[in-house]
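Read the structure below first, then the notes.
The values are calculated or read from the model by the stated rules, or taken from the named source; none is laboratory data. Source: prediction; values computed, not measured. Every residue, glycine as well, gets a Cβ built from its backbone with ideal geometry; the counts of neighbours run over all protein chains shown.
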Amino acid sequence: MRAIHRLHALDWVAGGVLACGLLCLATGLLPTEPAGDAMVRIAPLLAFLGTVIVLAELTSRAQVFDVVASAVARAGRGSYPALFVLCVVFASLTTITLNLDTTAVLLTPVMLALASRVGIAAVPLAMTTVWLANTASLLLPVSNLTNLLAADRVALSPAGLAARMWAPQLVSVAVTMGCLWLFFWRRGRRGSDGYVPPAAHRPADRVLFRVCGLACAGFLLAILLADIPLWMASAAAALVAAAAFVVRQRSALRPSLIPWRLLVLVPGLFLVVETVNVNGLHDALSAAMGTDGGLLGMFRAGAVGGGMSNVLNNLPVYLAAESAVPVDNHDQLLALLIGTNVGPVVTPWASLATLLWFERCHAQGVKVSLKVFLGTGAVLATGAVLASVAALAATR
C-alpha cells in the first residue's frame, strides 16, 4: 500500500493506458496478429530506451551535464545572445547523441538549476530544452524512438540517415532558434541585458566523471562506426558506467534508475493506437497522405504526421502512418518522419519527451503558461515542418 501511495500521477496514466490496451486485446477489438507485430517492432526500442536512460541518469549523477552547462554559461561571458547560441548547441547535441528523452529528463533540471545559480530567466532555458528535444531529433537513429521504428523501412545506416537528413535537421534547428529568440529570448522577454558567469563546476568524483563521459563518447562512436544494434551499444555503455558506480558509489545503483513508467506507457500507447488503426485510422491516414511520392505527397505526409502526433502521440502515430505510405515512396516516408519528430511541440502529450519535461518543470517550480505553450508551439510546428520537408525535397 505504501508503494501505491508513492506513485506519481503519470504512473497511474501509464498503467491506465497499458490496461486499456490489454483490454482491447482481450476483448478482440485489437486482433492478436497486429498486436504481436507491434510488440515485436518495439521490443528493441524498449531495450534501447531502458539502457540509454540508465546511461544518461548515471552520466548526470557523475555531474557530466553540470560541468558542461557551467562551461556553456561561462563561455557566454555574460552575453545573452552568446548564451542563447551555446544553449541551442548544447541541447541539440544532447538530443542528437543521447536522444530526446535524455534532453527532457536530465538536461531540463540542469539548465533550470543553472538559471537559478546565475540569476537568469528560467523559462527561456526551459523552452529551449523542450523544443530542441523534439526538433533536433532528425539526424541519427538514436536521436528519436520514431527513428528506430523507421529503421527497417528507411533501410539506412546511421551515417546514411545523417547524410539524408542533415539539411532538414539544420533547417529545423534554425527555425527553432528563430522562434525561441522571438518568443522567449529577446530583450523584451528575458528581462535583463546580461548575467554574471558562474564559477567552473568541479565534479565530486573525477573518476566517475571521466568514465561516464568516455562511456557516452564510446556509445556515439559505436552507433556511427560499428554495425551493431543500437540497444546493444547503449547497453554496453550503460554497463561500463554502472561498473564504475559499483566501485565508486554503489548506493547510486537503485531500481529507480530504470524508466519503469516509460517501459509501461510505450507498449500501452502502441496497443491503444493500433486498436484505433485497425478500426479505421489506417484508411483515414491513407486518404490524408495519398500515394504521391513527389513534393505534394511529402508535404501531405509531414503535415499528417505532425498534426496527428499532437492529437495522439508521435510514437504510435508514426507506426500507424508508416503502413499507409507506399513501399517505394522513400522520400514521403522521411517526410512523415519529419512530421512526427519536429511537429509534436504543440500539445503536452504529443511526445513522451514533452510529458517528461512538463513533469520536471513542475518539480522545479517553473510554470509555463499552457496558452503560451500551445500558441508558440503551433507557430514552431508549422514553420519547422514545412521548412524541413522543403529542405528534404531540395537535397534528394
Quick one: how many residues across segment 243-262 are buried (at least 20 other Cβ atoms within 10 Å of the Cβ) and aliphatic (A, V, I, L, M)?
2
If you take the residues in segment 156-212 that are aromatic (Phe, Trp, Tyr) and over 30 Å from Ala241 (Cβ atoms), which one is surrounded by the most Cβ atoms within 10 Å (Cβ to Cβ)?
Trp185
Within segment 191-242, residues being of a type in the set (Gly, Ala, Ser), closer than 20 Å to Pro44 by Cα and in a loop (DSSP other than H, G, I, E, B) number 1
Which condition breaks for Asp292 when tested against (1) touching a Lys or Arg at 6+ places or on another chain (Cβ under 9 Å); (2) part of a helix (DSSP H, G or I)?
(2)
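When the residues of segment 76-117 are narrowed to those that are small (Gly, Ala, Ser) and over 19 Å from Ala217 (Cβ atoms), which ends up surrounded by the most Cβ atoms within 10 Å (Cβ to Cβ)?
Selected residue: Ala104.
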Enumerate the pairs (first residue in segment 123-143 and in a loop (DSSP other than H, G, I, E, B); second residue anywhere and of a type in the set (Gly, Ala, Ser) and surrounded by fewer than 24 Cβ atoms within 10 Å (Cβ to Cβ)) with beta-carbon separation below 7 Å, excluding pairs fewer than 6 apart on the same chain, so at least 6 apart or on different chains.
Leu139/Ala162; Leu140/Ala162
The conditions are (1) part of a helix (DSSP H, G or I); (2) touching a residue at least 24 places away in the same chain (Cβ under 8 Å); (3) out of contact with any Lys or Arg (no Cβ under 9 Å at 6 or more places or on another chain), and Val67 fails exactly one of them. Which is it?
(3)
Hey, can you tell me all the residues within segment 6-25 that are exposed (fewer than 15 other Cβ atoms within 10 Å of the Cβ) and among the small types (Gly, Ala, Ser)?
Ala9, Gly16, Ala19
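Just to check your reading of the model, which residue among Pro348, Pro344 is in a loop (DSSP other than H, G, I, E, B), surrounded by fewer than 22 Cβ atoms within 10 Å (Cβ to Cβ) and within 19 Å of the chain's Cα centre (by Cα)?
Details: Pro344 fails: surrounded by fewer than 22 Cβ atoms within 10 Å (Cβ to Cβ).
From the options Pro348, Pro344, the qualifying one is Pro348.
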Within segment 57-78, of all residues that are under 23 Å from the mean Cα position of the chain (by Cα) and charged (D, E, K, R), the one nearest to Arg117 (Cα to Cα) is Asp66
Quick one: in segment 340-385, of everything that is under 16 Å from Thr176 (Cα atoms) and of a type in the set (S, T, N, Q), which residue is modelled with the lowest pLDDT?
Thr354
